[in-house]
Amino acid sequence: MARYLVSRLTVVIPVVLVALLITFTLGYYAPGDPIQLIYGEDLYSLTEEDLARMRHTLGLDRPFWEQYLDYMGRTVRGDLGRSIETKVPVNRLLANSLPISLQLGDSGRGRRGRTSDGQLAPR
């Protein structure tokens, strides 16, 4: 059993690291300004000094690799940040939707052999 767990972890850990890298890279190179997403129309009333201070506060003035290492560290600790739209911690949003997701997953149990099941997953 221990050998099986070790073999699975040697596969899962690199996959998670690559997924984190892809996720971060897509967000990093996405068009648009993160500050504008956060402040919206209020952005135009800010001075250049205010914008520079906000970029520094959010770490947007640091190189890619520094931002990525910070992102990885926070993600591993479970700190997924705050939603730009609702300003609520992402962990709380996920916790609120978890019961519904579990119910949906549970509702699919016991349906093996039905036509719809074969369309979703290989046998």
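Computed from the coordinates by the stated procedures, all read-outs in this text should not be read as laboratory data. Quick caveat: nothing in here was measured; it's all calculated off a predicted structure. FYI the Cβ positions are ideal-geometry reconstructions off the backbone, even for glycines, and counts take in every protein chain you see.
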In degrees rounded to 10, the 0-90 angle between helix 48-58 Cα long axis and the longest Cα principal axis of the chain is 30 degrees
In a shell of Cβ-Cβ distance under 10 Å around VAL90, excluding VAL90 itself, what net charge do Lys and Arg (+1) and Asp and Glu (-1) give?
+1
Residue separation between VAL90 and VAL12 times 0.36 nm, minus their alpha-carbon distance, gives in nm 25.7 nm
Angle in degrees between helix 64-76 and the longest Cα principal axis of the chain, rounded to the nearest 10:
50 degrees
What do you get for the angle between helix 2-29 and the principal long axis of the chain? Use alpha-carbon atoms, 0 to 90 degrees, nearest ten.
40 degrees
Hey, quick one: spin label on LEU26, modelled 7 Å out along Cα-Cβ, who in the range 69-92 has an amide N within reach, i.e. under 17 Å?
72, 84
Let me know the volume per residue of the alpha-carbon convex hull for the chain, in Å³.
189 Å³
